[in-house]
Amino acid sequence: MKSFRHRLPPLYALMVFEAAAREQNFSRAARELHVSQAAVSQQVRHLEAYLETPLFRRQGRGVTLTRPGELLKERVNAALSYLVDAVEEATLPQQSLGVSLSANTAMSHLWLSPAIHAFRRHYRDEALHLRMVTSDRSSDLIADDIDIALLYDTPPRPGWQMEPLFEECLFPVAAPHYLDQHGRRLDSAKALLDHRLLDFERIEPNWVNWERWFSALGIEANNLAPESVFNSYSLLLDAAEQGHGVALGTRHQIDARLADGALERLGSFQVTTGCHYWLALRHDSKANREARQLADWLRAWVEADQSRQS
C-alpha cells in the first residue's frame, strides 16, 4: 500500500478527471460532482502537473482529450468500475453469496456445465445462487472463497472432504467424416502415428498428451509432430469435430459428443492413467447445506453417466 500512495495521484483527482473526460465538458462534470467548474479545472491542472503531461486540449469553452488523456480515461474508467464492483460485493449479505464451484476449463465446459443445467431444471423452484470459477491452475480452484472444487489428480488436502468422481480414461476420437476419408481400421496403437494428430499444451505437468499416451502403451513417440497444438482442450475437440484430425478423448467429458455422433472412437486402444477427478467439499463452507445438495447431485450425475455406458 505504501508504494501505491507514492505512485498514484489522489483518488479524488482521478474521479474528477473521469467525469470531465466522459462528459468532454468541465461544466457538466462539475454539475455531476456538485462542485464548481473552477474546482474541476483545478483538479485537472493538478493531475496534469503530477503526470507532467497535458490530458485535455482547451478549445474555447470546450475540451478534447489528448492521446495520453484517452489512454488514462480508458484505464481509470475500468479501475473505478472494478472498485465499485468490489465495494458492492463486499457489502452483500453473506447468505446471498450462494455456492462457489470451481473446475478446470475442460471439465467446466464439457462435463460440469450440462450437470449444472440439469440441476437448475430439477430444482427450478429453489433459488440457488451459483458462482462458477474456471481456471487451468490448480491453485486457483481451492481459493478461500471456494465451496466445492472439481480437482484433477490431486493429493488429499487439509480442510477438504475429498472423494474420487471418476478415473481418467483416454482414447482416440475423430469426426465421422474424417474417418470416412482416412479409415476406421486400426491394427495397432502405433498406426495412429500415420494419422493427423491434434494435441494440447500441458499447462500442468500431470496432464497426459499424445506423447505420454503412446509412452503408456510402450510406444516411443519422441519425434511426434502433431498436426495442430491447442492450449484449450475444448478448442481441440472442436477441431476434431470439424475433421482436422484425431484427438484424445476423455471418458465422461466427451460422452455427449460420442452419443450424438459428433465424434467416434477410433479403435479399441485406451489408457487408464490412474489419475482421478475428485469432488472436494470445503469443511468450513458457509453454504454447507446448499453445497452438500449440489455435491450429491454431481455424484448422481456420474452414476447416471456410468449407467448410460453400461
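No value in this document is a laboratory result; all are computed from the given coordinates. Every value quoted in this text rests on a predicted model; they were computed, and no experiment measured them. A quick note on method: Cβ atoms are made from the backbone with ideal geometry, for glycine too, and the neighbour counts reach across all protein chains shown.
Membrane-span-like helices in the chain, defined purely by DSSP H runs whose alpha carbon atoms cover 20 Å or more axially and whose average Kyte-Doolittle hydropathy reaches -0.5, are 37-51, 67-90. The convex hull defined by the C-alpha atoms of the range 2-90 has an orientation-averaged projected area of 6.3 nm².
In the chain the Cα-Cα distances spread across 10 Å bins starting at 0 as 5, 20, 20, 16, 16, 14, 7, 1, 0 percent of all pairs. Each residue of the range 271-284 was assigned a 3J(HN,Hα) from its phi angle through the Karplus expression (A = 6.51, B = -1.76, C = 1.60, θ = phi - 60°), giving 10, 8, 7, x, 8, 10, 8, 10, 9, 10, 10, 5, 4, 9 Hz with x at Gly and Pro.
Full extension of the chain segment joining residue 7 with residue 75 gains 22.9 nm, where the gain is 0.36 nm per residue of separation less the Cα-Cα distance. What separates the Cα centres of the range 61-87 and the range 192-248 is a distance of 44 Å. Every pair of different Cα atoms in the range 192-307 enters the Kirkwood calculation, which places the hydrodynamic radius at 16.5 Å. Counting Cα-Cα pairs of the range 45-120 in 5 Å increments starting at 0 gives whole-percent bin shares of 3, 11, 11, 12, 10, 11, 10, 6, 8, 8, 6, 3, 0. Shown here for the range 138-221: GluC sites (Glu not before Pro) in loop regions (DSSP other than H, G, I, E, B) with at most 16 other Cβ atoms within 10 Å, namely 201, 220.
Taking every DSSP helix (H) stretch of at least 4 residues in the chain, weighting each as -39,500 (n - 2.57) and dividing the sum by the residue count yields a mean residue ellipticity at 222 nm of -12500 deg cm²/dmol.
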